[in-house]
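Down below is the structure, laid out as structure tokens.
The values are calculated or read from the model by the stated rules, or taken from the named source; none is laboratory data. As the structure is a computational prediction, the values presented were derived from the model and not from experiment. As a convention, Cβ positions derive from the backbone with ideal geometry for all residues, glycine included, and neighbour counts pool all protein chains shown. Side chains are part of the model used for accessible areas, which takes the heavy atoms of the whole protein and leaves out ligands, DNA and RNA. Shrake-Rupley method; radii C 1.70, N 1.55, O 1.52, S 1.80 Å.
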Amino acid sequence: QVQLVESGGGLVQPGGSLRLSCAASGSIFSIGNMGWFRQAPGKQRELVAIMPLGGSPQYADSVKGRFTISRDNAKNTVYLQMNSLKPEDTAVYYCNALVMSTGTFRNGNYWGQGTQVTVSS
């Protein structure tokens with residue numbers, strides 16, 4: 001079993017900042033891509049940012065220059081630093097990771113439980 005646990009969401013005023021964290025734990029052999037998605041009410045889940053293992057980060061156009069994704073492989077953790085937040089960034093943010101688990105040695109796509117980010121004055 002593999003678990004992804006997110007933290008760091010909350011309420012922030014427009015122009016403010018938040019940092020999300022997501023730690024993977026459990027029967028982990030290796031982790032490939034780690035990333036963040038978000039889903040606003042009435043909308044489909046969309047990619048925010050992704051950090052490949054050993055690769056360059058990729059961002060949705062709507063967050064380029066404002067959000068920064070990073071990862072600590074020793075801690076199996078991915079972060080999302082969100083600056084200059086806008087009301088349209090309001091959504092539930094989900095962590096995602098491609099994990100090869102011990103025992104099966106097969107890749108699985110795992111999701112966190114989601115953390116609410118609300119940008120409002």
Report summary line: Over the stretch 80-117, the set of residues under 18 Å from Pro41 (Cα atoms) and either touching a helix residue (DSSP H, G or I) at 6+ places or on another chain (Cβ under 9 Å) or open to solvent by 60 Å² or more (accessible area, probe 1.4 Å) (or both) is Lys86, Pro87, Glu88, Asp89, Gln113, Gln116, Val117
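Quick grid of which residues meet (1) crowded, with 16+ Cβ neighbours inside 10 Å; (2) touching a strand residue (DSSP E or B) at 6+ places or on another chain (Cβ under 6 Å); (3) over 15 Å from Tyr94 (Cβ atoms):
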| residue | (1), (2), (3) |
| --- | --- |
| Gln3 | no, yes, no |
| Trp36 | yes, yes, no |
| Ser70 | no, yes, yes |
| Val78 | yes, yes, no |
Query raised in the report: In the list Leu98, Leu85, which residue meets the criterion of being out of contact with any His (no Cβ under 9 Å at 6 or more places or on another chain), aliphatic (A, V, I, L, M) and not in a strand (DSSP E or B)?
Result: Leu85
Report summary line: In the stretch 33-59, anything assigned to a loop (DSSP other than H, G, I, E, B) and within 16 Å of Thr115 (Cβ to Cβ) is listed as Ala40, Pro41, Arg45
Query - Residues of the stretch 4-32 satisfying the condition of being more than 14 Å from Val119 (Cα to Cα) and either small (Gly, Ala, Ser) or without any contact (Cβ under 8 Å) to a residue 24 or more places away in the chain (or both) - result: Ser7, Ser21, Ala23, Ala24, Ser25, Gly26, Ser27, Ser30, Gly32
Report summary line: When the stretch 77-112 is checked residue by residue, the ones that are touching a Ser or Thr at 6+ places or on another chain (Cβ under 7 Å) and either among the small types (Gly, Ala, Ser) or within 18 Å of Leu53 (Cβ to Cβ) (or both) are Thr77, Tyr79, Met100, Ser101, Thr102, Gly103, Gly108
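Inside the stretch 1-41, can you point out the residues that are of a type in the set (Gly, Ala, Ser) and within 19 Å of Arg66 (Cβ to Cβ)?
Gly8, Gly9, Gly10, Gly15, Gly16, Ser17, Ser21, Gly35, Ala40, listed by residue number.
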Query raised in the report: Tell me, which residue of the stretch 41-61 that is surrounded by 14 or more Cβ atoms within 10 Å (Cβ to Cβ) and small (Gly, Ala, Ser) is nearest to the chain's Cα centre (by Cα)?
Result: Ala49
Query raised in the report: For the stretch 8-32, what are the residues that are open to solvent by 60 Å² or more (accessible area, probe 1.4 Å) and not in a loop (DSSP other than H, G, I, E, B)?
Result: Leu11, Arg19, Phe29
